[in-house]
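Engineer: Take a look at the following structure, please.
The values are calculated or read from the model by the stated rules, or taken from the named source; none is laboratory data. In this text, all values refer to a predicted model and were calculated from it rather than measured experimentally. So basically every Cβ, Gly included, is an ideal-geometry build from the backbone, and we count neighbours across all protein chains shown. Please note that ligands, DNA and RNA were not included when accessible areas were found on the heavy atoms of the full protein model with its side chains. Shrake-Rupley method; radii C 1.70, N 1.55, O 1.52, S 1.80 Å.
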Amino acid sequence: MQRHSSTSPLLTLPGAVPAEGVDEGVAAHYGDLFREQRSLADGSGVVDLSHRGVVAVTGDDRLSWLHLLLTQHVSDLPAGRATEALVLSANGHIEHALYLVDDGATTWVHVEPGTQEALLAYLESMKFFYRVEVADRTAEFAVVHLPAGSIAPVPDGVAVRETAHGRDLFLPRADLESYAAAHGPAVGLLAYEALRVEQHRPRLGFETDHRTIPHELGWIGSAVHLQKGCYRGQETVARVQNLGKPPRRLVFLHLDGSEVHLPGHGAEVRLAADGPEGRKIGFVTTSVRHHELGPIALALVKRNVPADAALLAETTAAAQEVVVEP
């Protein structure tokens, strides 16, 4: 995936340790992971998400047009109301996850790092006769996250997505450093991810693979509206909703805290009763160290795995909590 090439100016702050992989370009942490998590949990701090892609949609038809393409009901989206939506393949597999808000003139969207170009190409291909314009604004705007309870101000004219988990600001990139200095402390991505896992919130490219459908991750309702008109992949969504169950389900794992090593993304999950050589029943999607819960993870497992079964993530013992019902 291609990403916005510049690194964040917040990587020059004392103690900053760069994130890796798809999150390259921002800080993983600033030297004290648990302190940063507690800061977020207490409603203070600024999370630098400036590596995420930013897409803006303008024009009189923007909401009615997006309504035809996305899984979410957005044709009558009020200005200032945050929502999320997916773009699916013709077979109902998740291709893009969009986090959006409309400010009355522009629909602002942030997406996973490096996915904005493919999303933009798809949107451009679907414009037809609609009065819309789409633009990659990643070079001009940086996403900044303020946790729930934060009293940090939103500058005039800045689009903001406000949810139960906090506020996402589409901040002019030139203002990123000064805003973080005024309203910090700066908090790294690992702390943000730890709270995301605790809250059971899926992330594209982590909880998803090439065949993931929305039902498996609990995205029905929050990102998929079941009473709206046609969109690509809707047939799969309706069929699974009305006639069956998804083949896999997201679970939350409490990992054995005595292990030094955290099972990483893709680590195989098995029934504990079958031992480390048993049949694979799923895989770890994200694992983190939480300031209160200890080592925790999200995993995708086969739907028929008993909800009370003890599991192994690689060789680490794991107790599961239901996120998506079997």
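Engineer: Can you tell me which residue in segment 167-181 is farthest from His110 (Cα to Cα), limited to those that are part of a strand (DSSP E or B) and touching a residue at least 24 places away in the same chain (Cβ under 8 Å)?
Structural biologist: Across segment 167-181, the extreme among qualifying residues is Pro172.
Engineer: Report those strands (runs of 3 or more DSSP E) wholly inside segment 239-326 carrying at least 2 residues which are touching a His at 6+ places or on another chain (Cβ under 9 Å) and open to solvent by less than 30 Å² (accessible area, probe 1.4 Å).
Structural biologist: Details: elements: 248-255, 268-271, 280-290, 294-302, 311-313, 316-322.
The qualifying strands (runs of 3 or more DSSP E) are 248-255, 280-290, 294-302, 316-322.
Engineer: Hey, could you check segment 70-106 for residues that are open to solvent by 10 Å² or more (accessible area, probe 1.4 Å) and either outside any loop (DSSP other than H, G, I, E, B) or basic (Lys, Arg) (or both) and say which is nearest to Ala142 (Cα to Cα)?
Structural biologist: Among those that are open to solvent by 10 Å² or more (accessible area, probe 1.4 Å) and either outside any loop (DSSP other than H, G, I, E, B) or basic (Lys, Arg) (or both), it is Tyr99.
Engineer: Take segment 22-47 and flag every residue that is in a loop (DSSP other than H, G, I, E, B) and open to solvent by 30 Å² or more (accessible area, probe 1.4 Å).
Structural biologist: Glu24, Gly31, Asp32, Asp42, Ser44
Engineer: Oh, and also: Could you please find all residues in segment 182-194 being assigned to a loop (DSSP other than H, G, I, E, B) and either under 18 Å from Gly53 (Cα atoms) or under 16 Å from the mean Cα position of the chain (by Cα) (or both)?
Structural biologist: Gly188
Engineer: Still on this structure, I have one more. Go through segment 142-166 and give me each residue that's touching a helix residue (DSSP H, G or I) at 6+ places or on another chain (Cβ under 9 Å) and outside any loop (DSSP other than H, G, I, E, B).
Structural biologist: Passing the criteria: Ala142, Val144, His145, Leu146, Pro147, Gly166.
Engineer: Continuing with the same structure: Taking the condition of being touching a Gly at 6+ places or on another chain (Cβ under 7 Å) and open to solvent by less than 40 Å² (accessible area, probe 1.4 Å), how many residues in segment 164-185 meet it?
Structural biologist: Result for segment 164-185: 1.
Engineer: To continue, here is another question. Any residue in segment 107-123 that is in a loop (DSSP other than H, G, I, E, B), at pLDDT 95 or above and open to solvent by 50 Å² or more (accessible area, probe 1.4 Å)?
Structural biologist: no
Engineer: Could you please find all residues in segment 1-21 being open to solvent by less than 60 Å² (accessible area, probe 1.4 Å) and among the small types (Gly, Ala, Ser)?
Structural biologist: Of everything in segment 1-21, those that are open to solvent by less than 60 Å² (accessible area, probe 1.4 Å) and among the small types (Gly, Ala, Ser) turn out to be Ser6, Ser8, Gly15, Ala16, Ala19, Gly21.
Engineer: Another question about this same structure. Scan (1) assigned to a loop (DSSP other than H, G, I, E, B); (2) touching a residue at least 40 places away in the same chain (Cβ under 8 Å); (3) over 12 Å from Leu66 (Cα atoms); (4) open to solvent by 50 Å² or more (accessible area, probe 1.4 Å) for the single condition Phe128 breaks and write down its number.
Structural biologist: Every condition holds for Phe128 apart from (2).
Engineer: Can you tell me which residues in segment 195-238 are hydrophobic (A, V, I, L, M, F, W, C) and under 12 Å from the mean Cα position of the chain (by Cα)?
Structural biologist: Leu195, Val197, Leu204, Phe206, Leu217, Trp219, Ala223
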